[in-house]
Structure formats: structure tokens, C-alpha cells
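Everything on this sheet refers to the single structure shown next.
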Amino acid sequence: MNKEKKYQKLALSLLFDAIGYVSYLIPGLGELSDIVWAPASAYIMTKMYKGNKGKIAGAIAFIEEAMPGLDVVPTFTLMWLYTHVFSSKESKTTIEV
């Protein structure tokens with residue numbers, strides 16, 4: 001993946017996490033918005049990240065948005081970090097002895 005697409009995905013992740021925080025702005029109606037956002041975030045996550053990683057992340061995103069009080073977890077950004085920082089093929093080094 002080229003650098004531009006990588007950082008576009010980061011920008012989208014930050015945007016989607018911000019959308020998840022919107023439920024805190026509207027007292028009372030906030031939890032109602034989670035009913036719509038939980039399945040939408042799961043779907044978006046599976047489209048952003050293919051394969052089993054995307055499916056697992058989608059399930060986590062759904063649970064995180066559906067459960068009251070867990071909206072503060074930045075699921076999209078954490079998944080971006082996991083994919084592009086912590087498990088990146090470029091960041092893995094081998095030590096030869």
C-alpha cells in the first residue's frame with residue numbers, strides 16, 4: 001500500500017472514531033444514534049480491512065458501539081495502528097546470528 005492511501009485510511013479512521021463520539025454530544029438521543037452507528041461501523045470496518053482481520057475488527061467495532069460507555073475507545077484508529085504500525089511487514093526486522 002502506498003503512503004498516500006495509508007494516511008488517507010488514517011484520516012478516515014479518525015473521522016469514523018469522531019462520528020462514534022457524536023453520541024456524547026446529544027444527551028438522550030446519543031444512545032439512539034448508536035443503534036444506527038454500531039452496524040454501520042462494523043460494515044465500514046470490514047470494508048476498510050479485508051480478510052479475517054477485518055471481520056474480527058468489525059465485530060469488535062459493533063460491540064464497542066453497541067455497549068453503553070464504550071464509545072470512548074477509538075476502534076478505527078487502533079485498528080489502523082495495529083495494521084500499519086505494529087504488524088507491518090516493513091517494521092519487522094530479523095536478527096541473524
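The values are calculated or read from the model by the stated rules, or taken from the named source; none is laboratory data. All values reported here derive from a predicted model rather than from experimental measurement. We place every Cβ from the backbone using ideal geometry, glycine too, and count neighbours over all the protein chains shown. Surface areas here come from the heavy atoms of the whole protein model, side chains and all, with no ligands, DNA or RNA. Shrake-Rupley method; radii C 1.70, N 1.55, O 1.52, S 1.80 Å.
A compact table of results
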{"item": "Test: residue in segment 9-25 that is under 13 Å from the mean Cα position of the chain (by Cα), of a type in the set (Val, Ile, Thr) and modelled with pLDDT of 90 or more", "result": "no"}
{"item": "Residues within segment 43-73 that are among the charged types (D, E, K, R), surrounded by 15 or more Cβ atoms within 10 Å (Cβ to Cβ) and in a helix (DSSP H, G or I), tallied", "result": "3"}
{"item": "Residue within segment 49-67 that is among the polar types (S, T, N, Q), touching a Gly at 6+ places or on another chain (Cβ under 9 Å) and at pLDDT 85 or above present", "result": "no"}
{"item": "Test: residue in segment 5-22 that is surrounded by fewer than 18 Cβ atoms within 10 Å (Cβ to Cβ) and assigned to a loop (DSSP other than H, G, I, E, B)", "result": "no"}
{"item": "Condition check for GLY28: over 14 Å from the mean Cα position of the chain (by Cα), of a type in the set (Gly, Ala, Ser), modelled with pLDDT of 90 or more and open to solvent by 30 Å² or more (accessible area, probe 1.4 Å)", "result": "no"}
{"item": "Selection count where residues are closer than 11 Å to GLU65 by Cβ and either free of Cβ contacts under 8 Å to residues at least 24 places away in the same chain or touching a Lys or Arg at 6+ places or on another chain (Cβ under 7 Å) (or both), scope segment 1-21", "result": "1"}
{"item": "Cross-chain or 6+ apart pairs with Cβ under 8 Å, segment 26-42 first and more than 10 Å from ALA66 (Cα to Cα) and in a helix (DSSP H, G or I), then open to solvent by 90 Å² or more (accessible area, probe 1.4 Å) and at pLDDT below 90", "result": "GLY30/TYR24"}
